[in-house]
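Novice: Got a structure here, written out as structure tokens. Questions coming.
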Amino acid sequence: MFEGTSVKLLALRAEDAEHHLRWRNDPEVVHWATGGDPCFGPVTAEALARGFETMLRLDPRESAVLTVEDRADGSVIGMVDYRDLDPFAGQATVGVTIGDRDHWGRGHGSEALLLLVGHLFRAFGLHRVELDTWSGNERAVRAFTRAGFREEGRRRGAVPVAGRRYDTVLFGMLREEWPGSTD
């Protein structure tokens, strides 16, 4: 468990599936998390259960999904993950989704992301961490920037959303840029 001021990161539990099912069937969450990618949602309980079993068995030396819990009331409000962990290159890709809309815009996502990044830098000695979003998700762009990530590039017109094309915006953070770095 990793604890911040307003959130805790916990190991994924089987009972967290109900929250994931709710978020992935909420059109607004799907819109902001993925630009409306139908691979994210809507999803049936059966399909989610199959994928969730895989998430529960991930090897944390390679990838993991963690639950984000609000410290104030203990409610499950989202998830963070890491994947593509490459010890040789010293890098990984991370993601964050705050699925509980009542917690949007309150800094929970930024804090959860920083807790995860801190764990990755400390535990795996990584040099860099990256993540991306679509350019229309201005709240995510602000949250990533506020957490200390820097925009590194764009894949122009890569994300179709409601008949328009948006860029994929790539962000990165080097170990020495991480707010908890003592390097």
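The values are calculated or read from the model by the stated rules, or taken from the named source; none is laboratory data. Quantities reported herein were computed from a predicted structural model and do not represent experimental measurements. Every residue, glycine among them, receives a Cβ derived from its backbone with ideal geometry; neighbour counts consider all protein chains shown. Remember, those area values only see protein heavy atoms, side chains included, never the ligands or the DNA or RNA. Shrake-Rupley method; radii C 1.70, N 1.55, O 1.52, S 1.80 Å.
Novice: Filter region 146-175 for residues that are of a type in the set (A, V, I, L, M, F, W, C) and assigned to a strand (DSSP E or B); which is farthest from residue 125 (Cα to Cα)?
Specialist: Initial filter on region 146-175 (of a type in the set (A, V, I, L, M, F, W, C)): 147, 149, 158-159, 161-162, 169-171, 173-174.
Keeping just the survivors that are assigned to a strand (DSSP E or B) gives 158-159, 161, 169-171, 173-174.
Details: 158: 32, 159: 32, 161: 37, 169: 25, 170: 22, 171: 19, 173: 13, 174: 11 Å.
Ranking the qualifying residues of region 146-175, first place goes to 161.
Novice: Inside region 52-130, counting only strands (runs of 3 or more DSSP E) that do not spill past its ends, which hold 3 or more residues that are under 24 Å from residue 154 (Cα atoms)?
Specialist: Values: elements: 64-70, 76-86, 91-98.
Correct list: 76-86, 91-98.
Novice: Continuing with the same structure: Somewhere in region 35-47, is a residue crowded, with 20+ Cβ neighbours inside 10 Å and within 19 Å of residue 133 (Cα to Cα)? Write out each step before concluding.
Specialist: At the first step, the residues of region 35-47 found to be crowded, with 20+ Cβ neighbours inside 10 Å are 35, 41.
Cutting the leftovers down to within 19 Å of residue 133 (Cα to Cα) gives us 35, 41.
Within region 35-47, one or more residues are crowded, with 20+ Cβ neighbours inside 10 Å and within 19 Å of residue 133 (Cα to Cα).
Novice: Taking region 38-57 only, how many residues are in contact (Cβ under 8 Å) with a residue 24 or more places away in the chain and either under 24 Å from residue 84 (Cβ atoms) or out of contact with any Leu (no Cβ under 7 Å at 6 or more places or on another chain) (or both)? Steps first, please.
Specialist: From region 38-57, those in contact (Cβ under 8 Å) with a residue 24 or more places away in the chain are 45, 48-49, 52, 55-56; that's our starting set.
With either under 24 Å from residue 84 (Cβ atoms) or out of contact with any Leu (no Cβ under 7 Å at 6 or more places or on another chain) (or both) added as a condition, the list becomes 48-49, 52, 55-56.
Of the residues in region 38-57, 5 are in contact (Cβ under 8 Å) with a residue 24 or more places away in the chain and either under 24 Å from residue 84 (Cβ atoms) or out of contact with any Leu (no Cβ under 7 Å at 6 or more places or on another chain) (or both).
Novice: Among the numbered criteria (1) over 21 Å from residue 109 (Cβ atoms); (2) more than 16 Å from the chain's Cα centre (by Cα), which one does residue 60 miss?
Specialist: Result: residue 60 passes all but (2).
Novice: On the given criteria, is residue 63 in contact with a helix residue (DSSP H, G or I) (Cβ under 6 Å, 6 or more places away or on another chain) and surrounded by 14 or more Cβ atoms within 10 Å (Cβ to Cβ)?
Specialist: Values: in contact with a helix residue (DSSP H, G or I) (Cβ under 6 Å, 6 or more places away or on another chain): no; surrounded by 14 or more Cβ atoms within 10 Å (Cβ to Cβ): yes.
Against the criterion (in contact with a helix residue (DSSP H, G or I) (Cβ under 6 Å, 6 or more places away or on another chain) and surrounded by 14 or more Cβ atoms within 10 Å (Cβ to Cβ)), residue 63 does not qualify.
Novice: OK, next. State whether one or more residues within region 153-164 are touching a residue at least 12 places away in the same chain (Cβ under 8 Å), among the small types (Gly, Ala, Ser) and open to solvent by 80 Å² or more (accessible area, probe 1.4 Å).
Specialist: Taking every residue of region 153-164 in turn, at least one turns out to be touching a residue at least 12 places away in the same chain (Cβ under 8 Å), among the small types (Gly, Ala, Ser) and open to solvent by 80 Å² or more (accessible area, probe 1.4 Å).
Novice: Shifting gears a bit: If the Cβ limit is 6 Å and pairs must be 6+ apart or interchain, which residue in region 1-29 that is assigned to a strand (DSSP E or B) and among the basic types (Lys, Arg) pairs with which residue that is open to solvent by less than 30 Å² (accessible area, probe 1.4 Å) and modelled with pLDDT of 95 or more?
Specialist: These pairs meet every condition: 8/69.
Novice: Still on this model: Looking at (1) over 25 Å from residue 127 (Cβ atoms); (2) modelled with pLDDT of 95 or more, which is the one condition that is false for residue 82?
Specialist: (1)
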